[in-house]
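The values are calculated or read from the model by the stated rules, or taken from the named source; none is laboratory data. Just so it is clear, the model here is predicted, and its values are computed rather than measured. Don't worry about glycine lacking a Cβ; one is built from the backbone with ideal geometry, like all the others, and counts go over all protein chains shown.
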Amino acid sequence: MWMPLALVFLLGAGVVLGGFAGVAYLPGFLANRKLDRRLRDVSTPAGADLDDASVVKQSNHGPLPSIDRAMAKTRIGSRIARLIEQSGTRTTPSGIGVMMLVAAAGSASAASVLVPLRFAPLAAAALGAAMPIGWLVHRRTVRLKRFEEQFPEALDLLSRAIRAGHAFQTAMGMIADEVAQPVGPEFKKTFDEQNFGLPLRDALNQLSERVPILDVRFFVTAVLIQRDTGGNLSEILDNLAHVVRERFKIRRQVRVHTAHGRFTGYVLLALPAALAVVLSYISPSHMETLFKERIGQMMLMGAIVMQTIGFLWIRKVIKIEV
């Protein structure tokens with residue numbers, strides 16, 4: 001009985017503290033943002049596009065700056081910051097931490113009211129806390145897939161610019177101006193870094209770290225080897241673009257051939273839950289026995305674990321690296 005009361009107390013305390021923080025700090029935050037906007041309008045040249053592609057490392061001020069500074073010194077904080085950067089999201093590790101606490105408290109409160117089980121609030125809290133990280137991973141995956149789709153176009157543009165007589169650094173600047181997000185901003189960072197004095201090798205290595213894609217590593221390795229040994233760089237880039245497009249073609253063919261296995265995994269994962277919902281309407285007494293009796297709860301947890309293992313196993317079987 002104490003668990004729902006404690007969760008309600010924590011949720012209420014969080015709402016009160018959040019309201020106090022909003023009243024105390026929101027006016028100053030809005031004033032600083034207005035001042036920054038006016039300074040940016042004055043200092044930015046006409047026609048310049050000021051976005052996330054700036055070479056200056058900007059740190060978004062989160063709700064808890066001290067926690068951001070402390071987390072930056074830890075491995076977990078560095079991984080979260082890298083995940084945020086790769087996902088292209090405007091947030092900070094402390095912001096993600098606040099989201100995790102709010103999601104965990106809300107999920108646990110809802111589960112304590114809706115599900116009459118002891119372990120339900122804890123399981124719901126763990127699931128809610130994992131939701132912001134899952135959202136970041138999803139954003140990162142979508143952004144990297146979009147980068148992969150646009151990367152052959154960037155390679156073709158780079159090759160044509162070099163064949164037309166432009167230097168490699170100038171061609172990278174053309175990609176930054178011509179190609180849309182996320183390829184353009186990433187190449188703009190690399191172009192600005194080497195333009196401000198960073199060696200090209202280090203700038204390209206940082207590009208491969210920001211965008212952990214096999215094609216980008218191929219590109220960086222090919223460019224660095226060509227600069228050491230010589231050769232026709234435009235021809236190398238044309239061949240690399242052709243290889244990337246062929247990999248996309250094979251990957252789509254693999255997805256077509258593995259569609260049956262993927263949908264089988266989805267059906268097997270959703271069938272028990274759908275059947276439980278239907279049986280709860282047809283025969284509520286039998287389902288109450290499953291949730292209230294000790295043996296029924298153990299069977300339910302075992303079924304969830306085995307369903308998860310089976311789904312992950314099917315995903316592993318149908319996953320083919322190309």
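Annotations for the structure displayed:
- Residue check, Arg163 over 30 Å from Ala104 (Cβ atoms), in the same structural domain as Gln226 (by TED's automatic domain parsing) and touching a Ser or Thr at 6+ places or on another chain (Cβ under 6 Å): yes
- Unique match (being modelled with pLDDT under 80 and surrounded by 12 or more Cβ atoms within 10 Å (Cβ to Cβ)) among Arg315, Arg227: Arg315
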